[in-house]
Amino acid sequence: MKPFQINLVNACVLIVIGLWGYLASTSSSPTALIPVVFGLIFALSTPPFKKGNRVVAHIVVLLTFLLIIALFMPLRGAIGRQDMAAIIRVSIMLLVNIFAMIIYIRSFIEARKKA
């Protein structure tokens, strides 16, 4: 899978699951929309990412890394509440972001070898 493709998949997962989590919650907080905002940013960055814009690629990698770190707090909270639906939602977002990060790093390594 190419980096821009996983970026788009990641964006869709964040938007869909983020909205699902926000709408499914009985006490929705605006912070529940943070993954949706990241998803929109990733979706908007896909065209320049596809064209090989290195600045955009590095920004996407940085934001993905920050989101991986940030998703551990809601996961910990969901585990503490024993909310299985929230655990599944956050885990899916976390796993897709980790997978995207692996693809990005592999892409950077391949580009470095070619240079």
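Where a number appears in this text, it was derived from the coordinates with a stated rule and is not lab data. Because the structure is a prediction, the values reported are computed rather than measured. Here the Cβ positions follow ideal geometry from the backbone for every residue, glycine too, while neighbour counts run over all protein chains shown.
Grab the Cα-Cα distance for I88 and S28, subtract it from 0.36 nm times how many residues apart they are, and report the gain in nm with one decimal.
On the way: separation 60, 0.36 × 60 = 21.60 nm, distance 1.73 nm.
Gain on stretching I88 to S28: 19.9 nm.
Exactly which trypsin sites (Lys or Arg not before Pro) in segment 1-92 are in a DSSP loop and have at most 10 other Cβ atoms within 10 Å?
K51
Hey, can you list the DSSP H helices of the chain whose Cα span along the axis is 30 Å or longer and whose average Kyte-Doolittle score is at least -1.0? Please report the intermediate quantities before stating the final value.
Numbers: long enough: 3-24 (31 Å, 1.60); 54-81 (41 Å, 1.81); 84-114 (45 Å, 1.27).
Helices passing the filter in the chain: 3-24, 54-81, 84-114.
Tell me the mean residue ellipticity at 222 nm calculated for the chain from its helices only (DSSP H runs of n ≥ 4, each -39500 (n - 2.57), averaged over every residue, nearest 500). Intermediate results must be reported in sequence, preceding the final value.
Details: 4 runs with 98 residues, N = 115.
Helix-only estimate at 222 nm: -30000 deg cm²/dmol.
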